[in-house]
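To start, the structure under review is shown below, and the notes come after it.
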Amino acid sequence: MTTPANMASTSWPPQLKDWVAKCLGQMTDSNKKDAQDELRQVISDAFTAHTLWTTDWNGVQLQSLLPKPTLSLKRKMNDTAPVNKKAKKSSLKQITTGTASLNLNDQAVLNRRAERFQREHEIERQKSTNSSLKANAHNSHLFSNNPWNASRSASPFGTSDEPEADPNVIDWDRFTIVGTSREIFKDYLRLTDAPKPETIRPYAVLRETLVQLKKRWREKCSYNWICNQLKSLRQDLTVQRIKNEFTVQVYEIHARMALESNDMVEYNSCQATLKTLYELGIPGKVEEFTGYRILMLLHGRNRSELNLYVGQLTPKQKTDQAVQHALDVQRSLSMGNYHALFLLYLNAPNMGAYIMDHFIPRERVKALMIITKAYRTISLSFIQNELAFDDLDSTIKFLEEHKAAHFTNPGSPNSEKIIQCKSAAAHLGQVFEEKYRKVGIRGAV
């Protein structure tokens, strides 16, 4: 049976992963082939029907893993009875007149067999648990790129001659635990060994941790300390495989704090994880971060990815204020309409202006190149208002940094200064090539 090719791009629900592991643990040499075939078929059917996330996998039973039916006691009696008419007659009489007694004995024997089978099954399951990683790594012919765990490329089924999983990569499926620590705050440390429950905070404690961190942030606590604590919180969520609305909230809050603190490495890390969580259908501020993503792509001038991403937006998403603003920014940049661009910059919703801060200097230089070619002289106050500077002093500082601070009246007050456009334009092109031709985005994914 061939699995659909696009199954590899689907993220599997944790309950399905647990169910597959349970089935693998129940397989024996005698039923392994039939069980694997049936397992593939069940998952493939669920994938095709789009029911991977709605199926109660705990209630699904593979028929090939059920115990084989045994011969009934009645059949055994007939097989072992003496072959003579008198014995047959006696046996027939016993069966027809003593059905209730025979059924009771029959049931007792079946119960004992079921208990023995359960004990044997438990022994077999314990043996298979110790080698479950090896089995998962070897059996990879069903799903070549297993999305259940980003750190592993092994699939749950296949032949035993496949390469094993990378032993240097932590297998989160194996080390999924439930924490017992009651500490509200905990420093972030990279895991180099299996996490221990006593060092991991459970879900209820993590919720309280986030409440306290938000309170500390409002009290102007150091970003470096807050970032360290949020990374530790995210780590505890990861090792316990907690993916829900609270997880989304943690990453959204950390992303906003990172933007406000100009930490683009951590912002891009959060944005990448949020994209995955949103694709799982977990609710969150999807439109807000969609707008941020468009602005980040504009910053990186990644036109092909931008066009692909915008083309996948739904009509509903495009009506959202944040998404609409980002699309308007895209339109103004593509048309060279710097007047509209800087108005959008001044009226950016949410925290969009923090991202625009990273490419506004580049666009200011491009706008100055156009202005200085169109005019002979232009007032400094016009440049301040048109290019959305905070004040005249910051306008002059920007011109000086870009070798464009050429005035016809340099000794006059700032409010009266006039820019000599020809002299300014002579340097702007070279400065643009040196400073803005290449874009470096730290932590971009």
note = To the nearest 20 debye, region 223-262 has a Cα-centred charge dipole, built from +1 on Lys and Arg Cβ and -1 on Asp and Glu Cβ, of 140
note = Per the C-alpha gyration tensor (a ≥ b ≥ c, the square roots of its eigenvalues), region 207-281 is rounded if a/c is under 1.5, else prolate if a/b beats b/c, else oblate; here it's oblate
task = Calculate the dipole size of region 224-328 relative to its Cα centre from +1 charges on Lys and Arg beta carbons and -1 charges on Asp and Glu beta carbons; express the result in debye to the nearest 20.
result = 240
inquiry  = Less than 15 Å Cβ to Cβ from Met257, Lys/Arg counted +1 and Asp/Glu -1: what total charge do the surrounding residues give?
reply    = +3
Region 271-425 - percent relative contact order, Cα under 8 Å, separation 6 or more = 19
task = Order the peptides 306-314, 232-240 from the highest to the lowest mean number of other Cβ atoms within 10 Å of their residues.
result = 232-240, 306-314
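Got a number for carbon plus sulfur as a percent of region 367-417's accessible area, 1.4 Å probe?
Numbers: 1330 of 2820 Å².
On region 367-417, the fraction of accessible area on carbon and sulfur atoms equals 47 percent.
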key: region 386-435 versus region 271-345: alpha-carbon centroid distance in Å   = 32
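Please go through region 350-437 and write out the trypsin sites (Lys or Arg not before Pro) that DSSP classes as loop and that have at most 15 other C-beta atoms within 10 Å.
Qualifying residues, ordered by number: Arg376, Lys403, Arg437.
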inquiry  = Could you compute the net charge surrounding Leu343? Neighbours are other residues with a C-beta less than 12 Å from the C-beta of Leu343; K and R count +1, D and E count -1.
reply    = -2
key: Nonlocal amide H pairs with Thr377, under 5 Å, H built at 1.01 Å   = Cys421
query = Rounded, prolate or oblate: which one fits region 286-410, using the alpha carbon gyration tensor with axes a ≥ b ≥ c (rounded when a/c is under 1.5, else prolate when a/b beats b/c, else oblate)?
reply = prolate
Charge dipole of region 163-309 about the Cα centre (unit charges at C-beta), most positive-ward option of Val286, Leu210, Pro195 = Leu210
message = What number comes out for accessible area per residue over region 171-311 if the probe is 1.4 Å? Units Å², please.
response = 49
inquiry  = Below 14 angstrom from the Cβ of Leu428, what's the summed charge of the other residues (Lys, Arg +1; Asp, Glu -1)?
reply    = +3
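The values are calculated or read from the model by the stated rules, or taken from the named source; none is laboratory data. Quick caveat: nothing in here was measured; it's all calculated off a predicted structure. Note that each Cβ is placed from the backbone with ideal geometry, even for glycine, and that neighbours are counted across all protein chains shown. Areas reflect the complete protein model, heavy atoms only, side chains present, ligands, DNA and RNA absent. Shrake-Rupley method; radii C 1.70, N 1.55, O 1.52, S 1.80 Å.
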